[in-house]
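The values are calculated or read from the model by the stated rules, or taken from the named source; none is laboratory data. As the structure is a prediction and not an experimental result, all values here were calculated from the model. Backbone-built Cβ (ideal geometry, glycine too); neighbour counts: all protein chains shown.
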Amino acid sequence: MNVTVFGTGYVGLVQAAVLAEAGNNVACIDIDEGKIARLRQGHIPIYEPGLEPMVKESVANGNLSFSTDAAIGVEHGELIFIAVGTPPDEDGSADLRHVLAVADTIATHMAEKKYIINKSTVPVGTADKVRATVEARLAQRGLGELAFDVISNPEFLKEGSAVADCMRPDRIIIGTAEKASEQKMRQLYAPFNRNHEKILVMDVKSAELTKYAANCMLATKISFMNEMANIADRVGADIEAVRRGIGSDPRVGYQFIYAGIGYGGSCFPKDVKALISSAEQLGLSAEILAAVESRNEQQKHYMAEKIIAHFDGDVQGKVFALWGLAFKPNTDDMREAPSRVLMERLWEKGARIRAFDPEAMEECQRIYGDRDDLELCGTKEAALKGADALIVATEWQQFKALNTKEIKGLLSAPVIFDGRNQYDPGEIAEKGFHYYCVGRPNIQPSKVTAGHEA
Ligand code: UDX
């Protein structure tokens, strides 16, 4: 099928690459000339496992092309995806400017029936706004009778496994009232709907709300566990034991109940805020979501509080090795990353950071530029040299196995602050470390090592 994707960000680019690989002819359109030029040269603007070879192969065999020419894009695609950003407005609501601008562009150039598909995460009612925008432009062009449909087809990909999620979706949501649209979408997604039925057809508004409900539910699970971790801290319980205890109930499940230093990324913080704002506009108060958001904001300060308390309130001139900058492993994305709140809080207090991340170093440099209190180190070991403590902010695989002997030799004091509960408190303490984690008793070396070699 001939498909056009407006927007070469995370969602658009991955979707385009996966559809091209499945044999469709896909044109990607973006207004950012520099980005399109770089994509044409094979430069992929994001780090995402498997994406680069997939894009290069489809470009080489002619199934994938990049352009800034919207007219060509509209002419090309019978199915046209809108996959542009919906950044939060000042009040937290989703800014639909880019989505509606694309809708207007499509209507400006279309000369035959088009299926317009909303892939961007948009508030309920956006499909109606897209429809109104298209109708207005078509009427102005004297083409009021030209047929089109606006379909909601939200994306559920996770950063770091975006390609795999897109290739093997656990559900494909299609929001439309038109039989013809349903058929087109079923045809498009047939290669991804093998083995068992994953397509769920529903009305447009339910499809739009499903996306927000899914992300808000997951964010709620995380904030709930973080709240339990804070209680565990106070009562001396171990959140990891509690996690296993409640996860074993299939109604709760093991996924997304890891306590930590807060959720980040481009989706959860933005979508929780947007749904709160939508509820407010409807005269409702989204009390649960407001609490989810507020718990997360506080949780991002959790480890900084522990660090500052460990140093009796004074971290002026202290140097911290920071492992992990990305908001989660397997991405270079630092949007809303807990590491940022942590670093900024420590900088405020006069501390210095020596950071290492397997992928997000360039991004960190882009965000913070050159500053005296930040050193970006080439390896995780280099970050440790002479530091007063190690902080782990992202659970990258390469941080999981600790060479405690080497770490002890490199740090000026054996102290670890683990924001992702990666290590066994007893084992670490036995090696002579002060070990702080989230919602687990802080075991001091002296207590555990009594009778052992410290
Ligand atoms: C999320 C959704 O998972 C995805 O379905 C949606 O389409 C987009 O938003 P993503 O933002 O890429 O994907 O990241 P995800 O892996 O879901 O993690 C989100 C955040 O939650 C991360 O900061 C992660 O560290 C945190 N998290 C996750 C926890 O703190 N605890 C958990 O148990 C799980």
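Across region 136-155, the number of residues qualifying as within 16 Å of the ligand (Cβ to nearest atom) and surrounded by fewer than 18 Cβ atoms within 10 Å (Cβ to Cβ) comes to 0. Taking the numbered list (1) assigned to a helix (DSSP H, G or I); (2) out of contact with any Lys or Arg (no Cβ under 8 Å at 6 or more places or on another chain) in turn, Asp165 passes all entries but (2). Of all residues in region 268-321, those satisfying the criterion of being among the β-branched types (Val, Ile, Thr) and more than 27 Å from the chain's Cα centre (by Cα) are Ile308, Val315, Val319. Filtered by the rule that a residue be outside any helix (DSSP H, G or I) and either small (Gly, Ala, Ser) or surrounded by 19 or more Cβ atoms within 10 Å (Cβ to Cβ) (or both), region 360-374 gives Ala360, Gly369. Considering only residues in region 321-359 that are part of a helix (DSSP H, G or I) and buried (at least 24 other Cβ atoms within 10 Å of the Cβ), the one that is farthest from the ligand (Cβ to nearest atom) turns out to be Met343.
Taking region 61-161 and the strands (runs of 3 or more DSSP E) fully enclosed by it, the elements with 1 or more residues that are under 24 Å from the mean Cα position of the chain (by Cα) and in contact (Cβ under 8 Å) with a residue 24 or more places away in the chain are at 79-82, 114-118, 148-152.
For region 403-427, the tally of residues that are under 17 Å from Ala393 (Cβ atoms) and part of a helix (DSSP H, G or I) stands at 1.
Residue-level check: of (1) loosely packed, with under 13 Cβ neighbours inside 10 Å; (2) polar (S, T, N, Q); (3) in contact with a strand residue (DSSP E or B) (Cβ under 7 Å, 6 or more places away or on another chain), Thr176 misses just (1). Would you check if Ser120 is within 16 Å of the ligand (Cβ to nearest atom), at pLDDT below 95, of a type in the set (Ser, Thr, Tyr) and more than 21 Å from Ile276 (Cβ to Cβ)? In short, no.
For region 232-285, taking the residues that are touching a residue at least 12 places away in the same chain (Cβ under 8 Å) and of a type in the set (Val, Ile, Thr), the one that is nearest to the ligand (Cβ to nearest atom) is identified as Ile257. Tallying residues that are closer than 19 Å to Arg168 by Cα, of a type in the set (S, T, N, Q) and more than 16 Å from the ligand (Cβ to nearest atom) within region 180-216 yields 3. Within region 217-230, is even one residue under 21 Å from Val11 (Cα atoms), in the same structural domain as Val14 (by TED's automatic domain parsing) and within 16 Å of the ligand (Cβ to nearest atom)? No, every residue in region 217-230 fails to be under 21 Å from Val11 (Cα atoms), in the same structural domain as Val14 (by TED's automatic domain parsing) and within 16 Å of the ligand (Cβ to nearest atom).
Residues in region 19-35 that are farther than 19 Å from Val99 by Cβ and either touching a residue at least 24 places away in the same chain (Cβ under 8 Å) or surrounded by 18 or more Cβ atoms within 10 Å (Cβ to Cβ) (or both): Leu19, Ala20, Glu21, Ala22, Gly23, Asn24, Asn25, Val26, Glu33.
Ala274 passes all but one of (1) closer than 24 Å to Ile231 by Cα; (2) part of a helix (DSSP H, G or I); which number fails? The single condition Ala274 does not satisfy is (1).
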